Every structure is written in C-alpha cells, then in structure tokens.
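The structure appears right after this line, and notes come after that.
The values are calculated or read from the model by the stated rules, or taken from the named source; none is laboratory data. Small disclaimer: the values here were computed from a predicted structure and weren't measured. Cβ sites come from the backbone with ideal geometry, for glycine too, and all protein chains shown count toward neighbours. To get the accessible areas, we keep the full protein, side chains included, count just its heavy atoms, and leave off ligands, DNA and RNA. Shrake-Rupley method; radii C 1.70, N 1.55, O 1.52, S 1.80 Å.
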Amino acid sequence: MAERTRRTVRDLRRGNRARVLQRLYFEGPLSRQELGPATGLSSGSISNVVAELAAEGLLEEAGIVGSDGGRPRTLLRVAPGGGLLIGVDIGETRVRVELFDLSLTELARTERPLAQDGYDVARIVDHVGSGVTDVLREAGPDADARRLLGIGVGVPGIVERGSRQRTVGEAPRAAGEVGAVVHGQTIGWRDVPFERLLRDAVDIPLDVPLFIDNGAKTLGQAEMWFGGGRGAEAAVIALFGSGVSACVNRGDILDEHRSSMALEWGHTTVQLRGRRCRCGSIGCLEAYAGAQAMRERWHEAGGPLPRDADDETALAALLAAAYPDADGPDPDPVALSILDETAECLGAALADLVNLFLPERILLGGWAGLLIGPHLIQDIRRYAQEYALRYPAARTTIEMGRLGPDAVTLGAATLPLAEFLARGGSRSTADAPPSVPAARLLTVADAVAAVAPRHHEIHQCSPSRP
C-alpha cells in the first residue's frame, strides 16, 4: 500500500511539473498568479513546482509587471539554457543537422550534400554522426553532449516501431532490439534498422534518446507549434520536395488528446493509367507534383535544363520559363501547361484531404512547395474548390507554411522537446510517465476506414494541356 501511495504522489508531482512547464513554454512568460488558473493548480502547488524547476535551472525570471493596486508580479519563462536539442532532416538533396537551446533558438548548424551519394544508408548515417559532432563543437564549451535532451530525426518513408525507442536514462538495448525501422520504397530503403545504426554512429551518451519519425510529421508539428497551424483544431500540412507527403493534425498543442498522423498522400492516384511513379505504381500524385517528376516532365517536353541539373535547379528553371521577368522573354507555353497540370493534380488531391478530414487549414511547405506555392496557390485553391464538396471546402483555407525551408529540422527537434515537457522536465525514467505511442503513418486505406462510410472518389486530372 505504501508503495502504491508513493507512486501516486510521484505521478502527481510529475503531472504538476508538466502542466507548469507546458503552459510557460507555449503561453509564457506568465506570473505565478497567472499560472494558477492556467494550470488548475493551487497557489501552494505553483510555488512548490516553480521553486523546484527554478532550482534545476529550467525556469528563470523574465521581468516584472505591475498589477492593479497590488505588488508587482514577477514573470517566469522556461530557461533557454536548461538543455540542448538536436534536429536532423534527412532531406532529398542534403542532410541538415541543427543544434538548439530550449527556446529552439539555433546555436549551430551543418549540412551534408547528397547529390552524388543518393540515399546510401551508410553514408547518411555517417553524415548524421559527423554532423552531430560538428554542431556540438561549433557551439562551444557550453554545448556539452551531457546536456542533450535528445536528438530528433525526420526521415523519408514509413517508420515502423517494432521495438520501442529508448527513453531517457534507460540502459542500452539488448542485442536483439533494433528500435525504429524505416521503409523508404521510393529511395530504395527496405527494413533499414535506422535507430540502431544511428545509435552506433552518433557519439553521445547512451542515455540521450533518439526520436525518429516521418519528415512530414516533423514539419507538421513545427507548423502546429510555431507556424501557420497554431490555434487550429484540425490542420493538414503538405510537404513538397522531390517527393510528396502530408500530415494530419487534430487538437490544440496543449490538448492531451491531440493526434498527429503522417500520410503516404503522394501515392494516392490522381491519373488512371498515368505516369509511372518512382514508387513503382502508376498515376500517383508524386508522379505529377513532386519536384523530380516536374523536372522529368520539363525535360521530356524539351525544356532547356543545365547538364546534370538537380531537382532544385530544374524546378527554378521551369518557374523562370513560365514566369519570366517583366523585361524578359514571353512565358513559355509548355512550362505553363506543365505547371497548370501540376496545380490541377494538387487541387484534386487536396480536395480528397478536405473531404476526408474536414480540416480548418491546409498549409503547403517543403522546399519545392515554397518555390511553386507563390505562383500556383491561387490555381490550387480554385481546383480544390472545384473537386471538393462545397460545405467542407468553404470551411477550409489553403495557405503557405510560415516556417521556411528549415521547418523539418525544427520539427525534428520538437520530438525530444515534447517528451521532455510531458515528463515535467525530468531527465530520469524514475519520474517519467509511460511513453506516449508515436503517431503511426497511415495508408490511404487506413484513412478511408477511419472516416467510413464517407465515399472517397479518385479524381482524374487531365494528362496534359496543349
């Protein structure tokens, strides 16, 4: 009985710490008096928790504000120096590694190009390992690896969690445990034990946790926390690069029942008997709206591409041909036709997401999305309105993401941060709650089943326009 009581007190203490930290992180700075109604805790509990967190270096004063006739109130915030976080983006053209403090202010970064090596697993693992070492060294003596709260990694493909990820303070894995496994069909990854490989390659203490998730999900979390998704009860964040994917988010950032689901949206069918996708299927959205596919279509149409142009260079050339400077040549009609077909396919595919998930907002992100969005967003909206049901379409806005090309890396860093906040700032599993299962990646069949019996039509966009 005594043991059960101790566990209850420990859980209550941990929960109180988590409430205070989360409110201060997302809504601070706040005074002790404001924390009471914000968290539902008594003034005595607030005082105890604040004193405890401040003693651990997790809270600090952020100024003083006056009150109506009373004593001035001290504002509190989460201390930026309370820990370090690393975010990693396994992108299509580079591996980007960034080091952040607790406020997610960037302290250091490094990038490794992938153009020549492609998605060779051993080379990418080596890039991550050396990148982590580099950013810690660049940030100086205060960036001790022992202060790391965790490393988050955004990857292309489906992440399978056959064995759970290590939590803070946990002993090394048994030899048979591999952790997160990545299935990246479009990049040639099959059953890659990515977490185990990273653990062997990254020079950090064994008790520093790794968090591996789909890149669209990390982008989605970043936009929901800090960008265009903030405040929305339901939002879809679409990631456009060489490939295409999306993430569906439900619930406010402080809602314990919030959910986030990565979707293999790029491999839904938009054209019956259409173009061959790099996944091996035909007619996929990615075969029309991914940057790699747009480069191939522009090349097939005779577009003037530099020799061995990568996807970014080719997409920039396509946009320049379609939308030249005012004093330049006339717009290229073939380039305009390719981009119009892309906009229609995107609008039809977004209409499916509108009909299935009834989001308040849809945000377009990723490096390719940021390039094409300013030119195509009006057409994308128009096509989405044409293909979607009127009622949900009228209640959904389609906008650009707000966090720029580093959003996946930033979102990756929020993976360890989210668990740290949920643990109430504890670095030890002795006070840690059970890990919340990471949102699994949905297939299209899962998504349809989740909203059955709603009918999901496959839209067919025109193969080309003269």
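Observations, loosely collected:
- Test: residue in the range 152-169 that is at pLDDT below 90, over 22 Å from the mean Cα position of the chain (by Cα) and either in a strand (DSSP E or B) or within 23 Å of L102 (Cβ to Cβ) (or both): yes
- Across the range 385-425, the number of residues qualifying as surrounded by 23 or more Cβ atoms within 10 Å (Cβ to Cβ) and in a strand (DSSP E or B) comes to 1.
Residue by residue, here is whether (1) without any contact (Cβ under 8 Å) to a residue 60 or more places away in the chain; (2) within 21 Å of E195 (Cα to Cα); (3) of a type in the set (V, I, T) holds:
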| site | (1), (2), (3) |
| --- | --- |
| L41 | yes, no, no |
| S45 | yes, no, no |
| A51 | yes, no, no |
| R73 | yes, no, no |
| V88 | no, yes, yes |
| G91 | no, yes, no |
| A108 | yes, no, no |
| A115 | no, no, no |
| D126 | no, yes, no |
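- The set of residues in the range 359-384 being in contact with a strand residue (DSSP E or B) (Cβ under 8 Å, 6 or more places away or on another chain), over 16 Å from V244 (Cα atoms) and crowded, with 19+ Cβ neighbours inside 10 Å consists of P359, R361, R381, A384.
- Residues of the range 182-192 that are open to solvent by 20 Å² or more (accessible area, probe 1.4 Å) and either at pLDDT below 85 or not charged (D, E, K, R) (or both): H183, Q185, T186, I187, G188.
- Near pairs, Cβ below 7 angstrom, 6+ apart or cross-chain, from the range 299-311 (in contact (Cβ under 8 Å) with a residue 12 or more places away in the chain and under 20 Å from R94 (Cα atoms)) to any residue that is open to solvent by 60 Å² or more (accessible area, probe 1.4 Å) and assigned to a loop (DSSP other than H, G, I, E, B): D310/A115
- Whichever residue in the range 219-276 is of a type in the set (F, W, Y) and buried (at least 23 other Cβ atoms within 10 Å of the Cβ) and, among such residues, is nearest to T342 (Cα to Cα): F240
- The range 93-142: number of residues that are touching a Phe, Trp or Tyr at 6+ places or on another chain (Cβ under 8 Å) and open to solvent by 40 Å² or more (accessible area, probe 1.4 Å): 3
- Matching entry among L336, L370 (being over 23 Å from A222 (Cα atoms) and either among the hydrophobic types (A, V, I, L, M, F, W, C) or in contact with a Cys (Cβ under 8 Å, 6 or more places away or on another chain) (or both)): L336
- Filtering A343, A322, A351 for residues that are under 16 Å from A293 (Cα atoms) and not acidic (D, E) leaves a single hit, A343.
- As a summary of the residue check, E177 satisfies the conditions (1) open to solvent by 20 Å² or more (accessible area, probe 1.4 Å); (2) in contact with a strand residue (DSSP E or B) (Cβ under 8 Å, 6 or more places away or on another chain); (3) modelled with pLDDT under 90 except for the one numbered (2).
- Filter result (of a type in the set (G, A, S), over 19 Å from L12 (Cβ atoms) and modelled with pLDDT of 90 or more) within the range 26-53: S31
- Of the residues making up the range 302-315, those that are open to solvent by 50 Å² or more (accessible area, probe 1.4 Å) and not charged (D, E, K, R) number 4.
- When residues of the range 426-440 are limited to those that are in a loop (DSSP other than H, G, I, E, B) and among the aliphatic types (A, V, I, L, M), the one modelled with the highest pLDDT: A432
- Of the residues making up the range 330-358, those that are at negative phi, under 27 Å from the mean Cα position of the chain (by Cα) and either of a type in the set (F, W, Y) or open to solvent by 10 Å² or more (accessible area, probe 1.4 Å) (or both) are E344, D352, N355, L356, F357.
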